[in-house]
1. Would you mention how many residues in the range 263-318 are under 23 Å from the mean Cα position of the chain (by Cα), modelled with pLDDT under 85 and under 30 Å from residue 68 (Cα atoms)?
2. Going by what's in this entry, would residue 258 be described as touching a helix residue (DSSP H, G or I) at 6+ places or on another chain (Cβ under 7 Å) and at pLDDT 90 or above?
3. Among the residues of the range 149-165, write down those that are touching a helix residue (DSSP H, G or I) at 6+ places or on another chain (Cβ under 7 Å) and surrounded by fewer than 24 Cβ atoms within 10 Å (Cβ to Cβ).
4. Out of the residues in the range 75-84 that are in a helix (DSSP H, G or I) and in contact with a helix residue (DSSP H, G or I) (Cβ under 6 Å, 6 or more places away or on another chain), which is farthest from residue 365 (Cα to Cα)?
5. Does residue 406 qualify as being at pLDDT below 95 and either surrounded by 15 or more Cβ atoms within 10 Å (Cβ to Cβ) or within 23 Å of residue 153 (Cβ to Cβ) (or both)?
6. Looking at the range 111-118, can you tell me whether even one residue there is at negative phi and at pLDDT below 80?
7. Which of the numbered conditions does residue 191 fail, given that it passes all the others? Conditions: (1) out of contact with any strand residue (DSSP E or B) (no Cβ under 8 Å at 6 or more places or on another chain); (2) crowded, with 22+ Cβ neighbours inside 10 Å.
8. So, in the range 205-248, how many residues would count as being more than 30 Å from residue 424 (Cβ to Cβ) and crowded, with 17+ Cβ neighbours inside 10 Å?
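The values are calculated or read from the model by the stated rules, or taken from the named source; none is laboratory data. The model shown is predicted, which means the values in this text are computed figures rather than measured ones. Counting neighbours? That spans all protein chains shown, and the Cβs are built from the backbone with ideal geometry, glycine included.
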């Protein structure tokens, strides 16, 4: 990859030639055979067992030490994450206000919403500490999966613990909103942060090409039930079926698509973890060598394995409690404030779901680890589209609930256009602050449209309640 200015002495980073097309670092393996040849040519690597603990993740301690535990959590992984820890007092306040039903719904929702951020940050930090103890690809996958715990919990709480009929609409909107937030907002912030510190940030095509292809395939897969539903509903008499039969068919198609997307995700994980892991390991090792804060991370205190598990258990328990408070206040919030379901599902819920992922990726981009940042942004987006969304559809199927993937045309059209736009930015394996700024502006435009998008009457149990005219300027 092209040399990037990280604030360190340029002599500390070995210059590496660029291939003729400028897309790949010639020092990195271009294929699986390159990895085999390097190992056979005397570049003896340590056995890459999945269980071994990397030296970068060793804490030098064992067991659980309360003082060190709370100190490390407070210091956190970055200044931004450390600032988020100031929000911890909102956690007991949100729980107290919700369970005593004190104040208006807007207050209860707002407190729960803010309280979710430090809990999500703790999940992300503990996941990152755990990932440091694993080989690169397993660590990235583990960190991304742990970062998605908040999203999975919110989806399942919405599905299983919310009696209102509008829960299906909000879940569908939240699925697409999560994809858009990570793909446009998080990626845009990463490009912008990397571009502020250096003129151009370069990343490897192994990440961008595979990621773009999977995103496009997942987007088309999610769009199939919507296209099917809206193609037939325009003229039901022509096809000789009623709306109930059409909904049943759409639900059945959604379940098949969910299973297919889940299978595709499993194959993708096998591709990364088993058959092509050498290429990805080399990419991430290259990123570690050019980490602007690498010298600080090496000597920073780290959590033990036991402390990682304890922090994950505490944060997940808090997330479940706050998620219950959050989702049960959505309908009262809609009726009280007039905020539409599309805005809650597409914008508000996804922002708090992906808080941990956004903070982690932003810190990596700032530290010149753009491949790590890209893997978190694209990996998290792929996981939402190909794992979390299919999972909630399959859980609904097993619970006898009619959740399908019939999105609004507005939502699915925005998703496909966003995937194409981001794919165009990733095509040249380079980014700068302008591309990041444009991604952020695009997301803001979508948020404004979602704010004005009305809730469909059939999506809400009380069609006439609280959906008056809204304006950003009132």
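1. The total comes to 5.
2. In short, yes.
3. 149, 152, 153, 156, 157, 159, 161, 162, 164
4. Within the range 75-84, the match that is farthest from residue 365 (Cα to Cα) is 84.
5. It is true that residue 406 is at pLDDT below 95 and either surrounded by 15 or more Cβ atoms within 10 Å (Cβ to Cβ) or within 23 Å of residue 153 (Cβ to Cβ) (or both).
6. No, the range 111-118 contains no residue that is at negative phi and at pLDDT below 80.
7. (1)
8. So the answer is 2.
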